[in-house]
Amino acid sequence: MTIFHFIISFGLAYLLGSIPSGYWIGKIFFKKDILQLGSGNIGTTNTFRTLGVIPGTMVLIIDLCKGILGASMATIWGSTPHWAYMVVGLGAILGHTFSFWIGFKGGKAVATSVGVLLLYSPSMFAAAVITFLLSILLTSMVSIGSMLGFTIVTVLSAFWLNDWLLTTIAFILTIFVFYRHRGNINRILHGTESKVPFGFGYWFSKK
């Protein structure tokens, strides 16, 4: 892949990632501006909370696909080195978090990053999803699941896969995800973080 090919692929990945699915679904089908609702985030969690289960599920699927399709832009020129999936996929992640459609605002990089990870490393994708689901089951907090999912990928890619590229990118994204969840962290510390209506954390809070 030449520099020219990379720039085109990265740009196409960014355009795919920048599709503000949560914002458009809210505007078109509900006449609501999700940027003004809940956390003001266009991602899956805020869509679930402010618009409902069906639109939230739609946003989750679309955002995952943005990562998968964005990373696959590395292959439009033919065969490509494996590392290109992750590096080109960063374009989709940047597009999701800084969408030019909505003034360079966006989501917290979780679902789209997981989509890129599925194409680059299915084993790390599985580790992230399992960590996410177990965290929600134990705490009933999506934010904790998201942060721990990125953390476990960083640790495993470093000490199990010895993949310096994934480790570096995962580490940077982990810092970014923690930063984007700083409000959630503050609410967790003060015991006011929102919980999903299932899991041990939710059940214990109702006792």
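Applying a threshold of 9 Å to beta carbon distances and a minimum spacing of six or more residues, or different chains, the list of pairs starting in the stretch 108-124 at a residue that is of a type in the set (Phe, Trp, Tyr) and ending at one that is modelled with pLDDT under 95 and in a loop (DSSP other than H, G, I, E, B) reads Tyr120/His82.
Flag: Thr112 matches the condition of being at pLDDT 95 or above, surrounded by 22 or more Cβ atoms within 10 Å (Cβ to Cβ) and under 14 Å from the mean Cα position of the chain (by Cα). Taken over the stretch 1-49, the residue count meeting the criterion of being of a type in the set (Val, Ile, Thr) and either surrounded by fewer than 19 Cβ atoms within 10 Å (Cβ to Cβ) or outside any helix (DSSP H, G or I) (or both) is 7. Taken together, the residues in the stretch 132-175 that are in contact with a Ser or Thr (Cβ under 8 Å, 6 or more places away or on another chain), of a type in the set (Val, Ile, Thr) and within 22 Å of Ser39 (Cβ to Cβ) amount to 4.
Among residues of the stretch 121-131 being of a type in the set (Ser, Thr, Tyr) and more than 15 Å from the chain's Cα centre (by Cα), the one that is surrounded by the fewest Cβ atoms within 10 Å (Cβ to Cβ) is Ser123.
Mind telling me which of the residues Phe98, Phe104, Phe125, Phe150 ends up being of a type outside the set (Gly, Ala, Ser) and on the phi > 0 side of the Ramachandran plot? After applying the criteria, what remains is Phe104. Here the stretch 91-108 is the region considered, the condition is being buried (at least 24 other Cβ atoms within 10 Å of the Cβ) and within 18 Å of Phe178 (Cβ to Cβ), and the residue that is farthest from the chain's Cα centre (by Cα) is Gly106. Of all residues in the stretch 161-207, those being at pLDDT 90 or above, among the β-branched types (Val, Ile, Thr) and in a loop (DSSP other than H, G, I, E, B) number 1. Number of residues in the stretch 132-160 that are without any contact (Cβ under 8 Å) to a residue 24 or more places away in the chain, crowded, with 20+ Cβ neighbours inside 10 Å and either not in a helix (DSSP H, G or I) or not hydrophobic (A, V, I, L, M, F, W, C) (or both) equals 3.
The values are calculated or read from the model by the stated rules, or taken from the named source; none is laboratory data. Here the structure is a predicted model, which means the values were calculated and not measured. Methodologically, a virtual Cβ is constructed for each residue, glycine included, from the backbone with ideal geometry; neighbour enumeration extends over all protein chains shown.
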